[in-house]
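A quick write-up on the structure given underneath.
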Amino acid sequence: MLTEIEKVLPSEIEKRSFEIIAEELGDKQLIPGTESIVKRCIHTSADFDYADNLIFSENVVEKALKAIRGGASIVTDTQMGKAGINKKCLAGYGGEVYCFMSDDDVAQAAKRNKTTRAAASMDKAAKLGEQVIFAIGNAPTALVRLYELIQEKKISPSLVIGVPVGFVNVVQSKELIMEAGVPYIVARGRKGGSNIAACICNALLYMIERDGK
């Protein structure tokens, strides 16, 4: 027998989804100030594991919101991640979304240095000369290269969102970022993805919109 379909107006679907998430989380204690991010990740993935595996450095939300208000741009490691971020909202604060993965100079640098395009794109991002938030949802090699650039003092990210998904060096690269000495939001373990990276960016943007500029 089919379960009865809940009647929800199209305009109310997202609101109802978040109500269901809150109901199913029950009395689960989330870190104060991170609730919107955790719930949006669950909303994007229908995976309640994010209530446990999202790790936040100290005061990272406050630091991230300050960076966005100050005009920070976002660098992603996939065109999918770039497409998912609310660019109009970010532009309202002076920021831009970049993805260098398809750039010819990045492809050439990767070939020349025998590395991945994701790693080479981090080198290009290090030369932007502006406040940068990194949203990495696919390539652990991007996180590893970011760690190296941070240690070499060639870049100081306003925030690293480290949520690549997969198996090879995924867990290890996330742990590296948590030791890099920069603000981070990391999905510990194997889970993540470009959609999660984008939704964390959007959660931060919507927090500013909700609370006012």
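The values are calculated or read from the model by the stated rules, or taken from the named source; none is laboratory data. In this text the structure is predicted, and so the values were computed from the model without any measurement. These area figures cover heavy atoms from the full protein model, side chains too; ligands, DNA and RNA do not enter into them. Shrake-Rupley method; radii C 1.70, N 1.55, O 1.52, S 1.80 Å.
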Subject >> Heavy-atom accessible surface of region 61-153: percent carbon and sulfur, 1.4 Å >> reply: 49
**OP:** Over the chain, average the accessible area per residue using a 1.4 Å probe and give it in Å², no decimals.
**Re:** 53
Subject >> the chain, helix-only ellipticity at 222 nm - DSSP H runs n ≥ 4, -39,500 (n - 2.57), divided by all residues, nearest 500 >> reply: -14500 deg cm²/dmol
Original post:
Residue separation times 0.36 nm, minus the C-alpha to C-alpha distance between GLU35 and ARG190: what's the value?
Top reply: 53.7 nm
Subject >> Hull shadow area, averaged, region 1-65 [alpha-carbon convex hull, nm²] >> reply: 6.0
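How large is the Kirkwood hydrodynamic radius of region 56-105, counting all unique pairs of alpha carbons, in Å?
11.8
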Original post:
Hey, what does the equivalent ellipsoid look like for region 1-159, semi-axes from the Cα gyration tensor as sqrt of 5 times each eigenvalue, largest first, whole Å?
Top reply: 34, 18, 16
Subject >> Compactness index (Cα Rg / 2.2 N^0.38 Å), region 66-213 >> reply: 0.97
